Each structure stands twice: as C-alpha cells, then as structure tokens.
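The values are calculated or read from the model by the stated rules, or taken from the named source; none is laboratory data. Since the model is a prediction, treat every value here as computed from it, not as a measurement. Reconstructed Cβ throughout: ideal geometry from the backbone, glycine too, with neighbour counts over all protein chains shown.
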Amino acid sequence: MVDVKRIQEGKYDLITIVGEVDASSSIELDNAIAEAIKSGNKAFLVDCTSLEYISSAGLGVFMSYIEDFKKNDIHIVLFGMNEKVRNVFEILGLDQLLTIRGEKEEAKSAL
Amino acid sequence: MVSLFSFCKHIIYYLHGDLKMISRKAIIRLSTLLAILSWVSLVFTDLSIVFSSTSNVAPSVGANIPPVLLSLFIISIFVYYKYRIEKAESINFVDLLWKVFVSGLVATIVSLLFRLLLNLLGNTKLAENVIFLDFIYLINLGLVIGFLVSTFIVWKRLILYQKSKFLMATWKIFEYGLFLSLLYNLIDLPAFSWFEDVYKGILVLIGVVLSANMKWVAFLNFKQKWKGILLIALAMFYLGYFTFTLTGFAVDISEVTTSFQDFRDSVFLIAIMSFIFVYSLFSLLVILFNLPTSSVFEQKLEEVVNFQRLSQSIQTEQSEDRVYDILLESSISTVLADAAWIEEIAEDGKSIFHTHNIKEDEIKRIKAHFVANDVKGILDKGSDRTKNLGKHLATLKGTHFRSMMAFPIYVKGKQEATLALLKDVSDGFNKENAKIIDTFTNQAGISVENFRLLSEALQNERYKEELKIAKNVQSSLLPKELDQNKDFNLVAFSEAADEVGGDYYDTLKIDEHQTAIIISDVSGKGTSAAFHMSQMKGVFHSLAQVGMDPKTFLTMANNALSKCLDKASFITTSYFVINTKKKVVDFARAGHCPTLYYDSKLKEWQFFQNKGLGLGILRNSGFENYIQLNSFTYNPDDIIVLYTDGITEAKNSKGDEYGYDRMLDVVSKMADKEALGIQDALINDLYKFTGTPVIDDDYTTLIIKFK
C-alpha cells in the first residue's frame, strides 16, 4: 500500500510517498506523477523518507516519465531514500538519470 | 357361445393392453367391423322375434340371442372408443368435450332423420307397423350406445386426471361392475329380479361417488370454461333427447309385444346413462361456479410460470439486460400493469431504461414530479409501495397513469435498478401484487448476481489458463543444456514464481575460444513479462553470435528492445564474454544486480561496482554513455555468481529480506566446492530462510567456476 500526496511549498510542489510501491500500488504513483505533470508546475521535490520498498514496477513508473520530464523542462529531485531503496535505484542506474539527494535542503538547492 | 366366450377373453386382454402385438389401428378396425356385424345381426334376430311374437309364429331364433348380440355390440363399441379416445395423446379437456359433442351431434342428426321419415309417413300402415318401429328403435339404440360409450370414455379421462390410488381402485370396480352387468344381461333369472335393482343401485351410487372428481375443471381458463359449459349442456341435451326418444319407442312397442330388446331392462344402459347424466350435471355446476374465480387461478399460474422463467434466465440468458427484460415482461403480465419501466442505474449517472408502453421523457417527468413533491421512501425496502403514489400522480398533468408501484432491485446489497409499474386506474395495485413483484425483483437481483459470478469465474479461468501458457512459454525459453568448456564449469538454477516472472539466462558458443553468457530479469510479471523475455532471447541469439563486445551488445540490445518494450517496462541484464584463449572475461552490466566474484589468488569475494543502466530505460542514443565495459583475467578456481533480485529480495515471514550479506555468507564458505555444490548450498539456505516453498518472484542463479 502506498499513499502519495502533493502539496505546494513555495516555488515547488512537494510530493510525499509513504509506504510500499509494488505492482498494484504503482498505479497510484503513476497517477500522482501524471497529475503533477499536468498541473503545469516545473519544479518538484519527491520526499522518499517514508518510502519503505519499491519494486521494479515502481521503478518502471519513474523511468517512464524521464522523457516527459526532459521534454517539458521539469526539474524533479528525489530525497530522503533509505539505503535499501537507494540501492535499488542505483543498481538499475536510475540515479544517473534522476537527481537524488540525501536531505531536503540539499534537494532544494539542487532544483 | 364358446366363440363368444373366447372373444370376451380377448376383449379383456385388450382392455389390459396386454396384447400389444395387434396395433391400435387394427384393433379399431376390428372393433368397427364387429360392432357393425353384431348390430346387423341384432336387428335381424330381434326383428324376427318381434315378428314371430306378433304373428304367432314359432320363433326361428332363441330369445336369448339378441341380448348376447347387444352385449357384443356394446363391447365392440367400447373397445373402439377406448382406442380412439382413451389412448389418444392429447389431454386437452376442451378437445375431449368436443369429441363428446361431435359423436352426440352425429347420433342426433341420424336419429332426427328417421324421426322425420316417421312423421312423413304419418298415419300410414307402415308407420304403425311394430316391426318398422322396432327397426327404428334399434337404430336409435345403436346410436345412443355409441354416444354413451364415447362419453363414458371421455368422462373416464376427466375423472382420472391427477388420479390417486383410491380413485383408480374405485374406477376399476365401477368398470368391472359395468362389464359384469353385460354378462348378467345374457342370463335371464327372474328369481333374482330384486338383485337387478340392487346391482343397478350400487352402480349408480359408485357413479355418483366418482362424479365428485373434478380436478380438471380448475385447469380450464375462462374461455375454455365457457366452451366446456356449452359442450356439456349440449351433451346433456342429447342424453335427454335420446332417453325421451327411446322411451317413446319402447312404450309404443311394448304395447304390442314385450319380447323386444327393451333398454329399460338393461342394467348396463341404465347405470351408464345415470352416470353420464350425473357427471355432466356435476361438471356443469362446478364449471359454472368456478367461472368467477378462474381469473385468479389463471393469474396464480401465470405467476408461477413467470417466476420460473426468471429463475431460469440465469442459466440460459446471454446478458443482464435480458434478465431485466424478462422481469419487465413477467411483472406486467402478472399484475396486468398498463405500463412499466426498469431503470438500470449506471455509475456515470446515465441510466438505461427498459420500457413498456411509456416514453423516456414521460418517465423523467414522473420522476421529476416526485422529486419536486418531495415524495420519499418509495424505493426503500420494506415500505408499503402501494401507498400514496397514486395521489401524487393525480397532481401531475400530462400523464394518464393514476397508480404506481416501484421496487428497487438489489445486487449484492447495492441498488442497481428500479422497477416501476403503472396503471391507468387509481388504486390499481393491491398488497398481493406488491408481494409477488417483490419476490420477482429479489429473484432478478439474484439472477444478475449469479450471472456476474459466472462471468467472473469464467474470466478467472481464462486468466489462469493464460498464466499457464505464459509459464510454459517462460520455462521453454530457458536453455535445456548450457555450453560447458574445459576451462570452466557452469550450473544454473531457476524456479519460477506462481505469478509468472521474467528471469532469463542463456549461453552461446561464439567460436572455439569465446562463450557468451547472459542473465536477465524482465520487469513486471505475467504474460507480458514472458513476452519480453522471449524478445530478450531473440536479441541474445541474434547479436551474441556476431561476437561483439559486451558494451556494444547491450547498446544494440537497448536499441532493439526500445522499440518493443511497453512504456514502463525495462530489462536488467549482465552480459559476459569468456575468452578461454586469452583467459579474459569481458563484461558489462545493464541495471542488473551486481556480479559476485571470487578471486582465488587473493581469496577475496567482491561485488563488482561497475556502472550500468537497465535496457529500455533510456530509449535514445545516449544509452551507451551509461554503460561500462569491464574485463578481468581469470585464474583456475575463480568463481562468478550471477543471480536475480528474486533471491536478494526474498522475504521471510517477519518481512526481512534475504539480502546481499546472507548470500555472500553462504557462498563464501563454499569457495573450494564445485559450482553445483555452491548452488545447492545457496538454494538450500534461501529456502531455509524464507521457510516456505511459495515464492513471490523468480529465483535464478548462474554460477561459473573456472578450472
């Protein structure tokens, strides 16, 4: 189960992912990101502090939007991942395509 | 006499239907012939007796012959009608009564023709001749016996409709009693004349008792009842007419002579006449009294039939719409509504209407009217649905309906549709109506629910079948044999999860010195994963044989797969080319789990930390920038352990992951073992850790030990 929330915080939108993203809950994540892109905002922070697990389907969601982010000139920074989740991103190589930071402040300045 | 006796024996056989060798047609023909023969001889013998008695000439035939012939005639007629009417397939009561009417009509017309002839003759000598009178009397007697017997057989079928054991027994006694009376007619025993009256009385009494069986009347509809009354009344009229005519002749003839066949002496004829009369009278009265209530019975029958149709609709119908259509039809015909509609409430607010005699805009007007007048509780379960609705309709202009009932249709506790029934008259529905329609709507709800369950079950079955195919495809894609080499030993293990995953490994001998090895994990599960896995296999077998370096291989594989993978799918891969001539391994990683390597010289285990990006993640030319080409020189006893994330992410009941450390722990203790030993140790430890044979994601390992 996963809970995805998006709130506006100054210049950027903050997306918080809480829980586990597996094959079934990845649909929710997908919808949230699709909505975020539709909103027209160009800057997003993704809070992964409470993201406990992400499966390949969840990674697939992030991956599928990389092109869209580029095309629409959207800046998105992920932060606060635990070691396990970060490892999963790194093994797949997504850390090379997405901006991933440790703390929120770091993430803000990376925007 | 002997021949008569044997004939009677045969007749008894026929009555019991034991002689099946003779066909029904043959029996009918035979009995017709016998009837004609016996009647003609009866006429001759009786006339000659009458003649001899009136002209004082010694009779040439014995006085006991005519009664025998009469009995024979009756039995023949009996057999004839038994096979004509009783064995007929049709059980339509009106048809049976029609047969009685027709045989009576024919007999009456013939009889009337002779009466006309007699009237034309007036007071001529011939008209007063007793022999001529006896002749006409005998013709009438033959006709009346035909009519009586046919009616008797019809009455039998009517009485025995929905018979009980007791009724059957009583009827048999009655029939045998009548038959015995025919035999009794043959013997003239004046000493027992009182017995004759008692016998007659008993038969008449049984006839009256039997006449109480009128179950068939209830099954006639209103129209059929009217027809029945008419036909039975006519049959009674015939009976009266014949009794009157025969009595007239008998009185006239008995003034001259007593030695003719007086029907008044026959126990059989009196008993059967009284029986037919009593039963006709009874049924006439019963039908007459049943007339006003027949519509109720018809309606009940309709309800039962409709209910059955509704419950059967689940097995036979193709769609939910059809169930609603049947509900609509059944409800209308059951409560005789003037109009009706069913509104299927769709989730998007657009309802589907099934209507009868009403247009959608009128429905909307009525609904709007109810909303405007704040009429609530119509569609609640348990409320009295016949109350007050008519009053509200009365205030709505532009509709001629004055009463209305509405019922919700629940499927799994959720209201899915509404049934509304309308009548032109006010107070057109009663509580009985509401109750029956309530059961109808409940049944319709169940039918729809069952229908959905059935479709779901079918869908599940289809899905399972699909999974089975996917699993077969997946396992058939894995190699049966791996390419071994004098320089290394290679073992692989793969266990697919129930929900088909997409793990793939393979080897290919490029040339004498080079062998390509691949391990892949397709994202996602199910049929699509199996599909992508087969694409990966295609890519591997077409590119690897060219002998390109691992980085080029992965770049070209990415190009090829980018065009066929769906948007959110990717494939992680590690690709190795072992060159046994140079003792070098070239490798590259595309997002796959880091390779575990044992350096036998340093006696050190390590996970290769080379960069990489999963295939299909970046679907343009930039991909190669994210791939590293690595290589190392191998020595004997070096080990490469390849695996998929199904192993490192396998969880135990507490939710802990197996992880890299546990894997390294087990494998590192086995460095001096052969590849197979290492594999067994790893897999055993993995299953021990999870504690269950059920796996969430495929377990795949490929272990290479150099020699």
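Please count how many residues of region B:607-619 are in contact with a helix residue (DSSP H, G or I) (Cβ under 8 Å, 6 or more places away or on another chain) and surrounded by fewer than 22 Cβ atoms within 10 Å (Cβ to Cβ).
Total satisfying the criteria: 3.
State yes or no: is B:LEU554 in a helix (DSSP H, G or I) and in contact (Cβ under 8 Å) with a residue 40 or more places away in the chain?
yes
Among the aliphatic types (A, V, I, L, M) and either surrounded by 15 or more Cβ atoms within 10 Å (Cβ to Cβ) or under 30 Å from B:ALA588 (Cβ atoms) (or both), is that true of A:ALA110?
yes
Only one residue in B:TYR660, B:TYR634, B:TYR626 is without any contact (Cβ under 8 Å) to a residue 24 or more places away in the chain and under 26 Å from B:ILE578 (Cβ atoms), so which one is that?
Values: B:TYR660 fails: without any contact (Cβ under 8 Å) to a residue 24 or more places away in the chain; B:TYR634 fails: without any contact (Cβ under 8 Å) to a residue 24 or more places away in the chain.
Going through B:TYR660, B:TYR634, B:TYR626 in turn, just one is without any contact (Cβ under 8 Å) to a residue 24 or more places away in the chain and under 26 Å from B:ILE578 (Cβ atoms): B:TYR626.
Pull out all pairs, ordered by first then second residue, where Cβ-Cβ is under 6 Å, the residues are six or more apart or on different chains, the first lies in region B:238-254 and is closer than 14 Å to B:SER111 by Cα, and the second is assigned to a helix (DSSP H, G or I).
B:TYR238/B:GLY104; B:TYR238/B:THR108; B:LEU239/B:PHE277; B:PHE242/B:VAL144; B:THR245/B:ASN140; B:LEU246/B:ASN140; B:LEU246/B:PHE263; B:PHE249/B:TYR137
One residue is enough: does region B:638-659 have a residue meeting the conditions surrounded by fewer than 18 Cβ atoms within 10 Å (Cβ to Cβ) and more than 60 Å from the chain's Cα centre (by Cα)?
Taking every residue of region B:638-659 in turn, none turns out to be surrounded by fewer than 18 Cβ atoms within 10 Å (Cβ to Cβ) and more than 60 Å from the chain's Cα centre (by Cα).
Could you please let me know if B:LEU478 is free of Cβ contacts under 8 Å to residues at least 40 places away in the same chain and of a type in the set (A, V, I, L, M, F, W, C)? Break it down stepwise before answering.
Working: free of Cβ contacts under 8 Å to residues at least 40 places away in the same chain: yes; of a type in the set (A, V, I, L, M, F, W, C): yes.
It is true that B:LEU478 is free of Cβ contacts under 8 Å to residues at least 40 places away in the same chain and of a type in the set (A, V, I, L, M, F, W, C).
Please go through region B:312-346 and pick out each residue that is surrounded by fewer than 17 Cβ atoms within 10 Å (Cβ to Cβ), assigned to a helix (DSSP H, G or I) and either modelled with pLDDT of 85 or more or within 21 Å of the chain's Cα centre (by Cα) (or both).
Across region B:312-346, the qualifying residues are B:GLN312, B:GLN315, B:THR316, B:ASP321, B:ARG322, B:ASP325, B:GLU329.
Answer yes or no: is there a residue in region B:516-527 that is among the hydroxyl-bearing types (Ser, Thr, Tyr) and within 11 Å of chain A (Cβ to nearest Cβ).
yes
Would you please name the residue that is modelled with the highest pLDDT, looking only at residues in region B:53-75 that are among the β-branched types (Val, Ile, Thr) and touching a Ser or Thr at 6+ places or on another chain (Cβ under 7 Å)?
The selected residue is B:ILE65.
Any residue that is surrounded by fewer than 16 Cβ atoms within 10 Å (Cβ to Cβ) and closer than 19 Å to B:PHE147 by Cβ - is there at least one of those in region B:291-310?
No, that holds for no residue.
Kindly list the number of the only condition in (1) more than 14 Å from chain A (Cβ to nearest Cβ); (2) surrounded by fewer than 22 Cβ atoms within 10 Å (Cβ to Cβ); (3) touching a residue at least 40 places away in the same chain (Cβ under 8 Å) that fails for B:TYR505.
That leaves (2) as the condition not met.
From the set of residues in region A:1-24 that are within 12 Å of another protein chain (Cβ to nearest Cβ) and of a type outside the set (A, V, I, L, M), which is surrounded by the fewest Cβ atoms within 10 Å (Cβ to Cβ)?
A:SER24
Could you check, for region B:525-543, whether at least one of its residues is out of contact with any Asp or Glu (no Cβ under 6 Å at 6 or more places or on another chain), under 18 Å from B:GLU466 (Cα atoms) and part of a loop (DSSP other than H, G, I, E, B)?
No, every residue in region B:525-543 fails to be out of contact with any Asp or Glu (no Cβ under 6 Å at 6 or more places or on another chain), under 18 Å from B:GLU466 (Cα atoms) and part of a loop (DSSP other than H, G, I, E, B).
Kindly provide the set of residues from region B:252-270 that are over 17 Å from B:ALA235 (Cα atoms) and surrounded by 16 or more Cβ atoms within 10 Å (Cβ to Cβ), ordered by number.
B:ILE253, B:VAL256, B:THR257, B:SER259, B:PHE260, B:GLN261, B:ASP262, B:PHE263, B:SER266, B:VAL267, B:PHE268
Just wondering, is there one or more residues in region A:57-67 that are of a type in the set (Phe, Trp, Tyr), within 14 Å of chain B (Cβ to nearest Cβ) and under 12 Å from the mean Cα position of the chain (by Cα)? Working first, answer last.
Let us first name the residues in region A:57-67 that are of a type in the set (Phe, Trp, Tyr), namely A:62, A:65.
Pick out the ones that are also within 14 Å of chain B (Cβ to nearest Cβ) and you get A:62, A:65.
From what is left, the residues that are under 12 Å from the mean Cα position of the chain (by Cα) are A:62, A:65.
Scanning region A:57-67, I find at least one residue that is of a type in the set (Phe, Trp, Tyr), within 14 Å of chain B (Cβ to nearest Cβ) and under 12 Å from the mean Cα position of the chain (by Cα), so the answer is yes.
Please give the number of the condition B:ASP665 fails out of (1) over 30 Å from B:THR555 (Cα atoms); (2) in contact with a Ser or Thr (Cβ under 8 Å, 6 or more places away or on another chain); (3) without any contact (Cβ under 8 Å) to a residue 24 or more places away in the chain.
So B:ASP665 meets the others, but not (2).
Taking only pairs six or more apart or across chains, which ones have beta-carbon atoms under 8 Å, a first residue in region A:25-43 that is within 14 Å of chain B (Cβ to nearest Cβ) and outside any helix (DSSP H, G or I), and a second residue that is surrounded by fewer than 14 Cβ atoms within 10 Å (Cβ to Cβ) and modelled with pLDDT under 90?
Short answer, once both residue conditions are applied: A:SER25/A:MET1.
Any residue at all in region B:207-223 that is without any contact (Cβ under 8 Å) to a residue 12 or more places away in the chain and not in a helix (DSSP H, G or I)? Break it down into steps so the answer makes sense when it comes.
Taking region B:207-223 first, the residues without any contact (Cβ under 8 Å) to a residue 12 or more places away in the chain are B:223.
Pick out the ones that are also not in a helix (DSSP H, G or I) and you get none.
Looking through region B:207-223, none of the residues is without any contact (Cβ under 8 Å) to a residue 12 or more places away in the chain and not in a helix (DSSP H, G or I).
I need the full set of residues from region B:231-277 which are closer than 17 Å to B:SER181 by Cβ and aliphatic (A, V, I, L, M), in order please.
B:VAL267, B:LEU269, B:ILE270, B:ALA271, B:ILE272, B:MET273, B:ILE276
Can you find, within region A:72-102, the residue that is nearest to the other protein chains (Cβ to nearest Cβ) among those that are over 21 Å from A:LYS11 (Cβ atoms) and charged (D, E, K, R)?
Filtering first and then ranking leaves A:LYS84.
Which residues, taken from region B:325-354, are of a type outside the set (A, V, I, L, M) and out of contact with any helix residue (DSSP H, G or I) (no Cβ under 7 Å at 6 or more places or on another chain)? Outline the logic, then answer.
Taking region B:325-354 as the starting set, the residues that turn out to be of a type outside the set (A, V, I, L, M) are B:325, B:329-331, B:333-334, B:338, B:341, B:343-344, B:347-351, B:353-354.
Residues satisfying the conditions are B:ASP325, B:GLU329, B:ASP338, B:GLU343, B:GLU347, B:ASP348, B:GLY349, B:LYS350, B:SER351.
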